[in-house]
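Asks: I have a structure here, written as structure tokens, and I will follow up with some questions on it.
The values are calculated or read from the model by the stated rules, or taken from the named source; none is laboratory data. As the structure is a computational prediction, the values presented were derived from the model and not from experiment. We place every Cβ from the backbone using ideal geometry, glycine too, and count neighbours over all the protein chains shown. Ligands, DNA and RNA are excluded from the accessible area calculation, which covers all protein heavy atoms including side chains. Shrake-Rupley method; radii C 1.70, N 1.55, O 1.52, S 1.80 Å.
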Amino acid sequence: MTDQLTVERPFTAASFQVYMNEGKLMGSRNRETGEVFVPPRPIDPTTHGTDMEWVELSGRGTLAAFTSVYIGTTIMIDAGFDRKKPYVTGIVKLDEGPRISAQLVGVDGKQPDLAWIGTPVRSTFIERGEDEKRRAYLAFELS
């Protein structure tokens, strides 16, 4: 269900981040075709339609692919990951259709398991940074 605040937010990366900071995984949906996009976009790339609406997603899906990352970005290094402590990132096919990449938490990056492919996952949010730089990051955990 959409509230008035949801309708007024533009389909931008900044708005997507605000929703994540609120603990919500949001996407945009083409009102004509029903196709959902994550991260949200203001224009459907196939139909070029602009009749889009915000939709809150369930955060549930299936792990489609993953990799262990031994040399990460600065924010992941700051979070304590390195060559001795790799993290896992994956591609999740959401129940609503789109795919998105995010960190996979609760698994050991040193011992990846191909059996994880096809496993149900659910979204969670990890907060990183301090003060005004604090923000939520999307992650998934095996269900």
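Asks: I'd like the full set of residues that are more than 26 Å from Ala79 (Cα to Cα) and in contact with a strand residue (DSSP E or B) (Cβ under 7 Å, 6 or more places away or on another chain), limited to the range 95-118. It would help to see each step written out before you state the result.
Replies: Looking only at the range 95-118, we keep the residues that are more than 26 Å from Ala79 (Cα to Cα), and these are 95-98, 115, 118.
Those that are more than 26 Å from Ala79 (Cα to Cα) and in contact with a strand residue (DSSP E or B) (Cβ under 7 Å, 6 or more places away or on another chain): Asp95, Glu96, Gly97, Pro98, Gly118.
Asks: Give the residue that is farthest from Ile71 (Cα to Cα), with candidates limited to residues of the range 86-123 that are assigned to a loop (DSSP other than H, G, I, E, B) and among the β-branched types (Val, Ile, Thr). Spell out the reasoning first.
Replies: We begin by selecting, within the range 86-123, every residue assigned to a loop (DSSP other than H, G, I, E, B); these are 86, 95-98, 106-113, 117-119.
Next cut, among the β-branched types (Val, Ile, Thr) only: 107, 117, 119.
Details: Val107: 17, Ile117: 23, Thr119: 26 Å.
Here the answer is Thr119.
Asks: Go through (1) open to solvent by less than 80 Å² (accessible area, probe 1.4 Å); (2) touching a residue at least 60 places away in the same chain (Cβ under 8 Å); (3) closer than 20 Å to Leu142 by Cα one by one and return the number of the condition Phe37 breaks.
Replies: Of everything listed in (1) open to solvent by less than 80 Å² (accessible area, probe 1.4 Å); (2) touching a residue at least 60 places away in the same chain (Cβ under 8 Å); (3) closer than 20 Å to Leu142 by Cα, Phe37 misses just condition (3).
Asks: Output the number of residues of the range 112-125 satisfying the condition of being under 17 Å from Glu22 (Cβ atoms) and open to solvent by less than 50 Å² (accessible area, probe 1.4 Å).
Replies: Adding up the residues that qualify gives 2.
Asks: Further question: For Asp131, work out the one condition from (1) closer than 14 Å to Ser68 by Cα; (2) at pLDDT below 95 it doesn't fulfil.
Replies: (1)
Asks: Only one residue in Arg99, Arg128 is surrounded by 13 or more Cβ atoms within 10 Å (Cβ to Cβ), among the charged types (D, E, K, R) and within 10 Å of the chain's Cα centre (by Cα). Which one?
Replies: One residue alone meets the criteria, Arg99.
Asks: When you go through Thr73, Thr46 one by one, which is the residue that is exposed (fewer than 13 other Cβ atoms within 10 Å of the Cβ), of a type outside the set (Gly, Ala, Ser) and closer than 15 Å to Ala139 by Cβ?
Replies: One residue alone meets the criteria, Thr73.
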